[in-house]
Amino acid sequence: MDKIILRGGSSLHGSIEISGAKNAALPCMAACLLTDETLILKNLPAVADIRTMEKVLGTLGTLVSHETSPSLLAISQSLTCNQPSEFKAPYELVKTMRASILVLGPLLTRFGKASVSLPGGCAIGARPIDLHLEVMSKMGASIDIHHGYVEATLPAGKRLKGIDHTFPYVSVGATENSLLAAALADGKTILRNAAQEPEVSDLAYLLVAMGIPIEGIGTSTLRIEGQIRAGGAHYTIIPDRIEVGTFICALAIAGGSLSLTGVIVEHVAALLMALERSGCKYQFDATKKILSLERSPSNRLQPIHISTAPYPDFPTDLQAQCMAVLTQAEGTSTIVENIFENRFQHVMELQRLGASIDIDGRTAHVHGPSRLSGTTVMASDLRASAGLVIAGLVAEGSTTIERIYHLDRGYAHLDHKLRSVGVDIKRIKT
């Protein structure tokens, strides 16, 4: 397995191009199962999860072709799904990526049957698919779980029925799967307490482009008019707000001046507000979509309080990166993790670097500034990997991060991008 070695002590200077959002691209790829026409997607990130989803769709009879940009950072895809020879998403692929469950809704609503392995992904806590299955069942599907597979069927000649459904709590994946299922359902579906994340809205806008009327995009109530069929479309994926946030955290801890191109600033407003309280400065050019960041290494970071919550509040996917930053703040910061019960696995590795962090249930108390020193650490999940890279930017000496296959699932050439702005970082292939 590859590893990353970086040497701390360098401030960041230069410009970075932001890749497309992985978490928006994956459900949009699954939407190809709704139509026999070709779906063209642009600005997908060149990351491992995209390649895995291509394989999943390929097993379902989808013809997939893609082109990579000259920078190797973006992918354009052509996806065409006619009649699959089988309707099974196998464990061997699904186990590595939770988003594979998103093929359930479109397979069921278009073909009347689906067999999908129970999903895997990062080990950050329980993420049951009960909410997905509740919606499908309420829409008229028969649901069984056998030998680790979800088996969903409709009576011959029947369609899913439009429903009025309220989610008991906000779930991005369940909202996306329900959107996909409702696209070809008989009648109107209303989804209440729906997730409002930009990635959900991106999927909704794609479905509109495919001929599915949807009202309330970006709000907690979505109204979908089910259609007999969906068409093809050309669509560009939104930029990755988590990648933007990761580089904001990198600048915040290392100092310097950094320009991020291709940013929707509203998507990272919660992080910018938090780090502005800590002492970072930024400007945004709305016309060019360039976010300019600056922090002098001599300006000391101030402690802050962060509490993760669904969008538009502070995202759980930036918690680990921000925790790394706060190890350098002057005083004690607190981070409350409200989304996942097991998302402090990176704490032990940060402590190995010298961080002073106490855990009390779902709350982390981060005491700073800590003098970090480079050592070998191990990534436990995708965002934890990024947090360790950020901590390594200020650690004395060299930091080695192992198991970076987690990192490759969600970041397109992160080491290359950091090297381009002055970081002494290299990937070691083993």
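Is segment 401-409 home to any residue that is at pLDDT below 95, part of a strand (DSSP E or B) and surrounded by fewer than 24 Cβ atoms within 10 Å (Cβ to Cβ)?
Yes, that holds for at least one residue.
Just to confirm my filter: which strands (runs of 3 or more DSSP E) fall fully inside segment 264-375 and include at least 2 residues that are within 30 Å of residue 24 (Cβ to Cβ) and without any contact (Cβ under 8 Å) to a residue 24 or more places away in the chain?
Because the criterion is at least 2 residues that are within 30 Å of residue 24 (Cβ to Cβ) and without any contact (Cβ under 8 Å) to a residue 24 or more places away in the chain, the strands (runs of 3 or more DSSP E) in segment 264-375 that meet it are 281-285.
Is it the case that some residue within segment 40-58 is of a type in the set (Ser, Thr, Tyr), outside any helix (DSSP H, G or I) and surrounded by 15 or more Cβ atoms within 10 Å (Cβ to Cβ)? Walk me through it before giving the result.
Step one: filter segment 40-58 for residues of a type in the set (Ser, Thr, Tyr), giving 52.
Filter once more, keeping what is outside any helix (DSSP H, G or I): none.
There is no residue in segment 40-58 that is of a type in the set (Ser, Thr, Tyr), outside any helix (DSSP H, G or I) and surrounded by 15 or more Cβ atoms within 10 Å (Cβ to Cβ).
This table checks each residue for (1) in contact with a helix residue (DSSP H, G or I) (Cβ under 8 Å, 6 or more places away or on another chain); (2) among the aliphatic types (A, V, I, L, M); (3) more than 20 Å from residue 318 (Cβ to Cβ).
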residue: 379; (1), (2), (3): yes, yes, no
residue: 382; (1), (2), (3): yes, yes, no
residue: 392; (1), (2), (3): no, no, no
residue: 398; (1), (2), (3): no, no, yes
residue: 415; (1), (2), (3): no, no, no
residue: 418; (1), (2), (3): yes, yes, no
residue: 422; (1), (2), (3): no, no, yes
residue: 426; (1), (2), (3): yes, no, yes
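Applying the selection to segment 151-187, what residues are in a helix (DSSP H, G or I) and β-branched (Val, Ile, Thr)?
Our first condition is that a residue be in a helix (DSSP H, G or I); within segment 151-187, this holds for 172-182.
Once the filter is applied, which keeps residues that are in a helix (DSSP H, G or I) and β-branched (Val, Ile, Thr), segment 151-187 yields 172, 175.
Looking at segment 141-160 only, could you name the residues that are farther than 14 Å from residue 111 by Cα and buried (at least 17 other Cβ atoms within 10 Å of the Cβ)?
Residues satisfying the conditions are 149, 150.
Being hydrophobic (A, V, I, L, M, F, W, C) and either surrounded by fewer than 24 Cβ atoms within 10 Å (Cβ to Cβ) or within 25 Å of the chain's Cα centre (by Cα) (or both) is the requirement here; does residue 230 meet it? Show your work before the answer.
Working: hydrophobic (A, V, I, L, M, F, W, C): yes; either surrounded by fewer than 24 Cβ atoms within 10 Å (Cβ to Cβ) or within 25 Å of the chain's Cα centre (by Cα) (or both): no.
Here the answer is no, as residue 230 does not meet what is asked.
Would you mind finding the one in 217, 224, 228 that is in contact with a helix residue (DSSP H, G or I) (Cβ under 6 Å, 6 or more places away or on another chain), in a loop (DSSP other than H, G, I, E, B), of a type outside the set (Ser, Thr, Tyr) and assigned by TED's automatic domain parsing to the domain that holds residue 43? Write out each step before concluding.
Details: 224 fails: in a loop (DSSP other than H, G, I, E, B); 228 fails: in contact with a helix residue (DSSP H, G or I) (Cβ under 6 Å, 6 or more places away or on another chain).
After applying the criteria, what remains is 217.
With the requirement that a residue be closer than 20 Å to residue 308 by Cβ and under 24 Å from the mean Cα position of the chain (by Cα), what does segment 266-296 give you? Reasoning before the result, please.
Going through segment 266-296, the residues closer than 20 Å to residue 308 by Cβ turn out to be 266-278, 280.
Scanning segment 266-296 gives 266, 267, 268, 269, 270, 271, 272, 273, 274, 275, 276.
Scan segment 60-69 for residues that are in a loop (DSSP other than H, G, I, E, B) and small (Gly, Ala, Ser) and jot them down. Spell out how you get there, then give the answer.
Of the residues in segment 60-69, the ones in a loop (DSSP other than H, G, I, E, B) are 60-61, 69.
If the condition is that a residue be in a loop (DSSP other than H, G, I, E, B) and small (Gly, Ala, Ser), then 61, 69 are the ones that fit.
For segment 416-425, state whether one or more residues are more than 15 Å from residue 321 (Cα to Cα), charged (D, E, K, R) and in a strand (DSSP E or B).
yes
Among the residues of segment 254-262, is any hydroxyl-bearing (Ser, Thr, Tyr), modelled with pLDDT of 95 or more, under 21 Å from residue 196 (Cα atoms) and surrounded by fewer than 18 Cβ atoms within 10 Å (Cβ to Cβ)?
Within segment 254-262 (the criterion being hydroxyl-bearing (Ser, Thr, Tyr), modelled with pLDDT of 95 or more, under 21 Å from residue 196 (Cα atoms) and surrounded by fewer than 18 Cβ atoms within 10 Å (Cβ to Cβ)), the answer is no, since none of the residues qualifies.
For segment 83-93, what are the residues that are crowded, with 19+ Cβ neighbours inside 10 Å and assigned to a loop (DSSP other than H, G, I, E, B)?
87
Output the residue which, of all residues in segment 188-206 that are outside any strand (DSSP E or B) and in contact with a strand residue (DSSP E or B) (Cβ under 6 Å, 6 or more places away or on another chain), is farthest from residue 236 (Cα to Cα). Please lay out each step first, then the result.
Filtering segment 188-206 down to residues outside any strand (DSSP E or B) leaves 193-206.
Adding the requirement that they be in contact with a strand residue (DSSP E or B) (Cβ under 6 Å, 6 or more places away or on another chain) leaves 193-194, 204, 206.
Values: 193: 27, 194: 23, 204: 13, 206: 9 Å.
Looking at residues that are outside any strand (DSSP E or B) and in contact with a strand residue (DSSP E or B) (Cβ under 6 Å, 6 or more places away or on another chain), I get 193.
I'd like the residue in segment 70-82 that is in contact (Cβ under 8 Å) with a residue 40 or more places away in the chain and in a loop (DSSP other than H, G, I, E, B) and, out of all such residues, is surrounded by the most Cβ atoms within 10 Å (Cβ to Cβ).
It comes out as 73.
Kindly check whether there is at least one residue in segment 132-144 that is out of contact with any Cys (no Cβ under 7 Å at 6 or more places or on another chain) and at pLDDT below 85. Lay out the reasoning, then the answer.
Going through segment 132-144, the residues out of contact with any Cys (no Cβ under 7 Å at 6 or more places or on another chain) turn out to be 132-144.
Adding the requirement that they be at pLDDT below 85 leaves none.
Looking through segment 132-144, none of the residues is out of contact with any Cys (no Cβ under 7 Å at 6 or more places or on another chain) and at pLDDT below 85.
The values are calculated or read from the model by the stated rules, or taken from the named source; none is laboratory data. The model shown is predicted, which means the values in this text are computed figures rather than measured ones. As a convention, Cβ positions derive from the backbone with ideal geometry for all residues, glycine included, and neighbour counts pool all protein chains shown.
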